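Worksheet: the structure to be examined is printed underneath.
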Amino acid sequence: MKIGLMGFGTVGSAFYTLAREHEETEIRRLLVLEPLPQVDCPQNTDFRDLIDDPEIDTIVELIGGLHPAYEYVSAALKAGKHVVTANKQLICACYDELVQLAGQHHAALRCTAAAGGGIPWLHSLSRLAVCDRITAVSGIMNGTTNYILSAMTEQGMDYSASLLQAQQLGYAEADPTADVEGFDAQRKLVLSANIAFGVSLRESEVPCLGISGITAQDIAAFKRMGLVCKLIAHAQMEGSFVSACVEPTLFPVSGQMAHISGAENLICLQAERVGRQSFAGAGAGGYPTASNVLCDCLEIQKNPAPFYTVLRTPAAVRNDTLEQHYYVRISQQAESRRMTAASAHALAMTLKQNRTPFFMAAASEGLEIC
């Protein structure tokens, strides 16, 4: 396999090292902004040099973001080249279009590293979906928020100090919005649900609440109640529609989710026949993520099918049937009430728009077992 590599950041440089160590893969060209002295393969500043090279059969896109990644990936697929990417934002935003391009031009599109980092989560979902009906996916899908919440719980730090520590250790970006507001987990949930259920969801349809409103006082209150807070992404197939959301969720200290600490991920699925399966490990990091990118490349050599699933059935997101307990803090006073997820999210958005301090979380062991 001859590869055109786009991107030489943390994941790109790790992939370069892994691919050079594997006898079946060769980095034919590297797309760069400026020459890199540590790289001994041909370097190009024009992406067309990679697309037009007849020897390159696979493009590995590790640039991130929507543009110019969209232009590069779509051009590669139209040229009949396989594409492997870790770009969750791109795949979510252009899901139907890119999957359709792969099929039309007899190319393969893979993005296992886009959800779960080093965990072979999407690949495992696709394999199981062939022989069983997956009914739910849920779990900790963002290592940054899990690190922050773990630091607040275990070290007694407040949110700002925990975020700063996460940034200093490289777990959080300089602009942490996508992580702490839940958008990163939202995109991973959309990809997971699409592959697990054979549907096509949009990010805008999935309600999303982050962790930036959680205070040290909240964490202390949870401890007194014997609970631990995690940011959970959850989706469940309900007939012809899907219930899906991303929200802070409370679990008993004895539960499995409560013991996932630091930047680790724990993602679960529920299927009709095999029951519950869990996948835990590093949800980010250069080499863990790059290893999944390399595995995708090698998998394409064995099975160059266009995508993980051939199904892309439109499905509406409805949360009015997902009912559980929510805790709401308003001006120092807290109450617990049972309501649907849709009602709870509407209340949270109203409070947020009115600049009212709030925290909302579901206390449900049910999510832990999908």
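Shown here: semi-axes √(5λ) of the Cα gyration tensor in Å, derived from the displayed model; of the candidates [x] 37, 23, 17; [y] 33, 30, 14; [z] 33, 21, 20, it corresponds to [x]. Local charge for Ile27 was computed over the other residues whose Cβ lies under 9 Å away, with Lys and Arg +1 and Asp and Glu -1, and equals +3.
Provide the FRET efficiency to the nearest 0.05 for the Phe241-Arg133 pair, computing r from the beta carbons and using R0 = 22 Å. Efficiency, rounded to the nearest 0.05: 0.90.
Order these by the 10 Å Cβ neighbour count, fewest first: Ser291, Ser254, Ser212.
On the way: Ser291 20, Ser254 10, Ser212 16.
With the fewest neighbours first, Ser291, Ser254, Ser212 line up as Ser254, Ser212, Ser291.
Relative to the dominant Cα principal axis of the chain, helix 143-154 is inclined by about 30°. Entry note, the chain: relative contact order of 19 percent, from Cα contacts under 8 Å with a spacing of 6+ residues. Considering only Ser240, Thr321, Ala107, the residue lying farthest towards the positive end of the dipole of the chain is Thr321, judged by Cα position with unit charges set on Cβ. Given +1 at the Cβ of Lys and Arg, -1 at the Cβ of Asp and Glu and no other charges, the dipole of the chain around its Cα centre is 960 debye to the nearest 20.
With an a/c value of 1.5 or above and a/b not larger than b/c for the gyration tensor axes a ≥ b ≥ c computed over the alpha-carbon atoms, the range 235-318 is described as oblate. Once the Cα atoms are used to define both axes, helix 95-104 deviates from the longest principal axis of the chain by about 30 degrees.
At 7 Å along the Cα-to-beta-carbon direction for both Asp320 and Arg202, put a label point, then send me their distance in nm to one decimal. Reported label-point gap for Asp320 and Arg202 is 1.9 nm. Dividing the summed -39500 (n - 2.57) terms of all DSSP H runs of n ≥ 4 by the residue count of the chain sets its mean residue ellipticity at 222 nm at -10500 deg cm²/dmol.
So what's the gap between the Cα centers of the range 281-327 and the range 23-75, to the nearest angstrom? That distance is 24 Å.
Using only side-chain charges placed at the Cβ, +1 for Lys and Arg and -1 for Asp and Glu, the dipole size of the range 120-236 relative to its Cα centre rounds to 440 debye. For Asp175, neighbours were defined as the other residues whose beta-carbon sits under 13 Å from its Cβ, and their charges (Lys and Arg +1, Asp and Glu -1) total -4.
Can you tell me how much longer the chain between Leu36 and His105 gets when fully stretched, taken as 0.36 nm per residue apart minus their C-alpha distance, in nm with one decimal? Present the calculation step by step, with values, prior to reporting the outcome.
On the way: separation 69, 0.36 × 69 = 24.84 nm, distance 3.29 nm.
The Leu36-His105 span can extend by a further 21.5 nm.
Pairs from the list Lys88/Lys223; Lys81/Lys302; Lys188/Lys223; Lys2/Lys188 with a Cα-Cα gap above 23 Å: Lys88/Lys223; Lys188/Lys223; Lys2/Lys188.
Grab the other residues whose beta carbon is less than 11 angstrom from that of Ile211, score K and R as +1, D and E as -1, and report the net. Can you show the working numbers first?
Working: positive: Lys230; negative: Asp179, Glu181, Asp218, Glu247.
Local charge sum for Ile211: -3.
The label-point distance for Asn303 and Ser254, in a model that sets each label 7 Å from Cα toward Cβ, rounds to 4.0 nm.
Just so you know, all these numbers are worked out from the coordinates, no wet-lab data involved. Keep in mind that what you see is a predicted model, and the values were worked out from it rather than measured. Reconstructed Cβ throughout: ideal geometry from the backbone, glycine too, with neighbour counts over all protein chains shown.
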